[in-house]
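The structure appears right after this line, and notes come after that.
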Amino acid sequence: MIKITRPPIKLLARHSDWRPEELDAALDKHVRADAERWRWLLRMLLPAIGIGFLACGILFFFAYNWADIPKFGKLGISAAAVTIPCALSLFFSFSELTRKMLLTAAAFLVGPLFGVFGQIYQTGANAYDLFLAWGVFILIWVLTVNFAPLWVLFLVLLNVTVALYFEQVASGWSTVVVVFILFVINTVAAATFIFLDERPESFSYPEWFKKAASLAAVLAGTACCCIVIVDVDSRPGNLLFVAPVLVIFAGVARAAYRNQKSYYLTLLAFSIIAIVATVIIRIDLNIGGLLIATIWVVAGTTGSTILLNTLRKDWRYE
Amino acid sequence: MNEQDLLLQIDQLEQESGRSLQTDKAALLRNFHEDQEHEGTLAMKILSIVGAFMATGFFLGFMLLLGINSALAFLAMGAVMLVGGYFFCRRDFLGIMGEAFGVALVVCGLPLLLVGFAETITNESGMALLTLIIAGAILLLMENSIISFLATVTMGVCLLFLAHDGFDRFGAHLYVGLTAVLLTGWIQYAARLIKTSDLLSRRYDGIRTGLIFALLMGAGYLSDFRFWMELSRLPNWYASVALVPLTLWLAFDLLRRFRNTESTELTKSSSQWSYLGGLFILLLPTILAPALSATLLCLLLAWKAGYRTGTALAVIALIYFISRYYYDLNLSLLIKSIILSASGSLFLMAWALLRKKIAVQ
C-alpha cells in the first residue's frame, strides 16, 4: 500500500467531484493524527509537563526566602531534588524516554543546588562560576544519556557562561571576541551532531536539534561579521575574525550542496544577505546606500529563493 | 514527489473512495507542476518574509533621507507597489521570480500606503480599520501562501487593536475567543471549506498558519499579567468561556472518531464521558489563565491536523506562557512553588493512570 501524502489529497479535492465527507475521510485516514499518534502525544506531554512543573516548583521553592530553614535542611532538600529523579531513573520499569527525561530534570536541578551552596557558604563566586560549574558537573550525564533536550540545556549553559564571563570578568574583551567564541562553540556542536548523525551505527539526533544548533551558529557568525564591519574604522584588526567565519560558511555551503541539504543553504543565504547589506550601509549610510541596500536585499532574497527552489527540484528528481 | 508518484497516490485515493470519481486529470497535473514550481520549504518562506521586512526598513529609511514627506507621494508609491505586487504574485506572470519579488513589494507597499493616509485619517482606530480593510482585500485578491499568512496576521493585529480600543481588556478576551472559534472551525471543517470554493482552497494553508499566529498573539497579550495588573482588575476568565468548551468539543470529536476505528478501552463509549470529565478537571486551573488554554487548544488542533509547524509553534508558546504566568503571578514564591508542584503532580498522576492505556499498541 502506498503512503498517501497531503498534496495529492489537496489536488484531488480541487479537481474532482469528491464530496466533503469523502475528503474528510481521506484526511482522517492519511493526514490527521491517528490514535497511535495521539497516544504518543500523551506519552510525551503528560510526563514532560508533570516533571517540568514539579522541577520548576522545586526551583521556586529554593528561590523563596527560606531563612528559617537550617543550613543542613536547605542543602538536604537541594540534594534530594537532584538525587530523587536520578534514583527514579534507575527503575527499569520506566521507558528509556522517561528515564532520560528524569535525568534531564535532575541536571536542571543541579544549578539550584549550587545556588544554595553559594548562598549558604557565601562563596563570593560570580554568576558565571555557577553556570560554568553547572555545565561541568552535568557533562558526564550529558555525554552518557545523550538526549537532545539535555544537550540543549548544556549548550545554553555554555553560551550563558561565555556571555557572563565577558560581562563580569573579561570586560576588556571586545564584543566581537565573545560573539566569535559563541560562533565557534555552536559551530563545533552543530558540526559534531550532524557528523555523528550521518554515520551509520552511530548516535542519532533529531532534525530539530541539529537545525537549532546550526541556526545558533549562523546567527552568531552573522552577528560577528556585522559587528566587525560596523566597527571597522576603530578596530580594523577585528577583520581577522571575519575570515574564519566566511571560510567555515563556504565549507558548510559546499557540504550542504553535496549532501543536498537546502535548510543550511537557506541559513547561509540569509547570512550573506545581511552581511552584504551591512557592508553597503557601512560604506554609505545615506540615500544612495539605503537605496542600494534595498535593491540588494530584494535581489538577494529573490535570487536565493529561485536558486534554492531550482536545487530542490533538481535534487528531488535525482 | 514526481508525477508518477502523484498518479499512483491519486489512483489509490480514487479506489478508496469506492466510486468512480469525475477527475479533471489535465488540470490536476497542471496544478501539480505549478505547485512544484512555486512551493518552497518553510525555511525559504521565512527567508522571503525576513528579506521583505529588511528591504522595507531600508526603503523607508531611504524615503525619509530623501526628504519625501508628501502624503500623495507615499500614497502613489504604496499603491504602485501593491498593484505591482498583485501582478508579480500571479503565477502566470513571472513564475517563482515574480512571486519572491511580489512578496517584497506587498510588504513594502502596505506601510507606504498607510503613511500616505496618515494625514487624512488622524485617529489610531481609523488607521487600524483601514489596515484591516486593505489586508482583507489583499487576502482576497492575491494568491500566495506567504501573503495569505501575512495578511491574516495583519488582520489579527488590527482586530486585537480595535477590540482593545473599543472594549478595553474585555475586547482582548473577545478577540481571543473569536480567533479560537475561527481557528477551530478552520481546522475542524477543513474538508467543507476546501470544497466550498477554489478561492478558499488556494488560501487555506496560509490562513491556517496566520490564524495560529493570531491566536497566539492574543494569548500573549492576555498572558501579560504585569501589564493588566496595573489596569483595573478584571476577572481573567472571559476568553475561557469559549476556550474550554472548544477544547472539550475537540476532545469529544476525537473520541467519537476513534470509537469507529479503535476498540481500545480509551474509546469505549462508557469511558468517553469520564475522559471528558478528566480533561475538564485538567482544564479547570487554566480558566483564570486563558493564554494557557488558548495555546493548549492551538497545540491540539495543530496536532490533529498533522501540521508540524503549528505544533512546534504551540509547544514553544506553551513553554513561554507557562513560564511567564508563574513569573508574573502576583503571589509569593512559596505559593507559586506549591501551585507548580501540585500541578506537576496532577499531570504525573494523570500519566500514571493512563500509562497502560496510552502505551504502544
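The values are calculated or read from the model by the stated rules, or taken from the named source; none is laboratory data. Keep in mind it's a predicted model, so treat the numbers as computed, not measured. Ideal geometry is used to build each Cβ from the backbone, glycine not excepted, and the neighbour counts take in all protein chains shown.
Only one entry of B:Tyr320, B:Tyr325, B:Tyr307 meets the criterion of being facing chain A (nearest Cβ under 10 Å), within 21 Å of A:Ala48 (Cβ to Cβ) and crowded, with 16+ Cβ neighbours inside 10 Å, and that entry is B:Tyr307. Reported count of residues in segment A:170-192, each being buried (at least 21 other Cβ atoms within 10 Å of the Cβ) and not aliphatic (A, V, I, L, M), is 4.
Of the residues contained in segment A:135-150, one or more are found to be surrounded by fewer than 19 Cβ atoms within 10 Å (Cβ to Cβ), on the phi > 0 side of the Ramachandran plot and out of contact with any helix residue (DSSP H, G or I) (no Cβ under 7 Å at 6 or more places or on another chain). Residues in segment A:242-279 that are in contact (Cβ under 8 Å) with a residue 60 or more places away in the chain and buried (at least 20 other Cβ atoms within 10 Å of the Cβ): A:Val245 alone. Residues that are surrounded by 16 or more Cβ atoms within 10 Å (Cβ to Cβ) and within 23 Å of A:Met1 (Cβ to Cβ) occur in segment B:31-53; there is at least one. Restricting B:Leu216, B:Leu193 to those that are away from chain A (no Cβ under 13 Å) and not small (Gly, Ala, Ser) reduces the list to B:Leu216. Residues that are of a type in the set (Gly, Ala, Ser) and facing chain A (nearest Cβ under 8 Å) within segment B:6-33 comprise B:Ser17, B:Ala27, listed in sequence order.
To keep it simple, each residue is scored yes or no on (1) part of a helix (DSSP H, G or I); (2) touching a residue at least 24 places away in the same chain (Cβ under 8 Å); (3) more than 8 Å from every other protein chain (Cβ to nearest Cβ); (4) more than 19 Å from B:Leu340 (Cα to Cα).
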site: A:Ile2; (1), (2), (3), (4): no, no, no, yes
site: A:Pro8; (1), (2), (3), (4): yes, no, no, yes
site: A:Asp28; (1), (2), (3), (4): yes, no, no, yes
site: A:Trp38; (1), (2), (3), (4): yes, no, no, yes
site: A:Ile51; (1), (2), (3), (4): yes, yes, no, no
site: A:Gly76; (1), (2), (3), (4): yes, no, yes, yes
site: A:Cys86; (1), (2), (3), (4): yes, no, yes, yes
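For (1) at pLDDT below 90; (2) of a type in the set (Ser, Thr, Tyr); (3) under 15 Å from the mean Cα position of the chain (by Cα); (4) not in a helix (DSSP H, G or I), each residue gets a yes or a no:
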{"site": "B:Val153", "(1), (2), (3), (4)": "no, no, yes, no"}
{"site": "B:Leu162", "(1), (2), (3), (4)": "no, no, no, no"}
{"site": "B:Leu174", "(1), (2), (3), (4)": "no, no, no, no"}
{"site": "B:Trp186", "(1), (2), (3), (4)": "no, no, yes, no"}
{"site": "B:Thr209", "(1), (2), (3), (4)": "no, yes, yes, no"}
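Here are some residues: A:Phe154, A:Phe114. Which one is touching a Gly at 6+ places or on another chain (Cβ under 8 Å), surrounded by fewer than 21 Cβ atoms within 10 Å (Cβ to Cβ) and free of Cβ contacts under 8 Å to residues at least 60 places away in the same chain? None of the other options fit; the residue is A:Phe154.
Taking segment A:235-263, which residues are within 14 Å of chain B (Cβ to nearest Cβ) and under 21 Å from the mean Cα position of the chain (by Cα)? Hits for segment A:235-263 are A:Ala256, A:Lys261, A:Ser262, A:Tyr263.
For the residues A:Val232, A:Val228, the requirement of being β-branched (Val, Ile, Thr), over 21 Å from the mean Cα position of the chain (by Cα) and outside any helix (DSSP H, G or I) singles out A:Val232.
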